[in-house]
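A.B. asks: Got a structure for you, questions after.
No value in this document is a laboratory result; all are computed from the given coordinates. Here the structure is a predicted model, which is why all the values come from computation and not from measurement. Cβ placement follows ideal geometry from the backbone for every residue including glycine, while neighbour counts extend to all protein chains displayed.
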Amino acid sequence: MLVQIQVNTDHNVHGGERLATFVSTDLESSLSRFGGWLTRVEVHLSEDGGGKPDDKKCVIEARPGGKQPVAVTHHATTVDDAYAGAAHKLLRVLDSRHDRAHDHKGSDSIRHMPAPADPGQVGVIEDEPRV
């Protein structure tokens, strides 16, 4: 996979290199179907620190080549849950965007179809020939 994955944590998030390796490996695996379409993924893990139950936050930004970046955020009580929630959201968004960009259901869009030869016959159901 040729996607560059960068993991950033603030000083309140513990895990260091082991956490960054886990996140990078997990994203490489789960995003492998988008190889060649994504150019960069950035993960930001932080703690809001307000003493709230859901004070861990994960923001993941993915950059599809030639398209606007996609960013998702998930709050949870643990860093692992925050990452898992954000990764799940990212996969759903990327699936949708990738399918819209690449799925043509085997045919051209109606916008690219030629105009009918006889516009008066559009929508007319012809009787089957009787034998």
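A.B. asks: I'd like to verify a number: residues in the range 8-22 that are within 15 Å of GLU47 (Cβ to Cβ), β-branched (Val, Ile, Thr) and not in a loop (DSSP other than H, G, I, E, B), how many? Walk me through how you get there before you give the answer.
C.D. replies: At the first step, the residues of the range 8-22 found to be within 15 Å of GLU47 (Cβ to Cβ) are 8-16, 19.
Next cut, β-branched (Val, Ile, Thr) only: 9, 13.
Pick out the ones that are also not in a loop (DSSP other than H, G, I, E, B) and you get 9.
The total comes to 1.
A.B. asks: While we're looking at this one, here's another question. Contact list please: Cβ distance under 7 Å, first residue in the range 82-98 and over 19 Å from LEU19 (Cα atoms), second residue aromatic (Phe, Trp, Tyr), pairs at least six apart or on different chains.
C.D. replies: Once the first residue is over 19 Å from LEU19 (Cα atoms) and sits in the range 82-98, its partners that are aromatic (Phe, Trp, Tyr) give LEU94/PHE34; HIS98/PHE34; HIS98/TRP37.
A.B. asks: Another one. Suppose we filter THR21, THR9, THR25 for residues that are touching a helix residue (DSSP H, G or I) at 6+ places or on another chain (Cβ under 8 Å), within 18 Å of CYS58 (Cβ to Cβ) and among the polar types (S, T, N, Q); which single one remains? Spell out how you get there, then give the answer.
C.D. replies: On the way: THR21 fails: touching a helix residue (DSSP H, G or I) at 6+ places or on another chain (Cβ under 8 Å); THR25 fails: touching a helix residue (DSSP H, G or I) at 6+ places or on another chain (Cβ under 8 Å).
Only one candidate qualifies: THR9.
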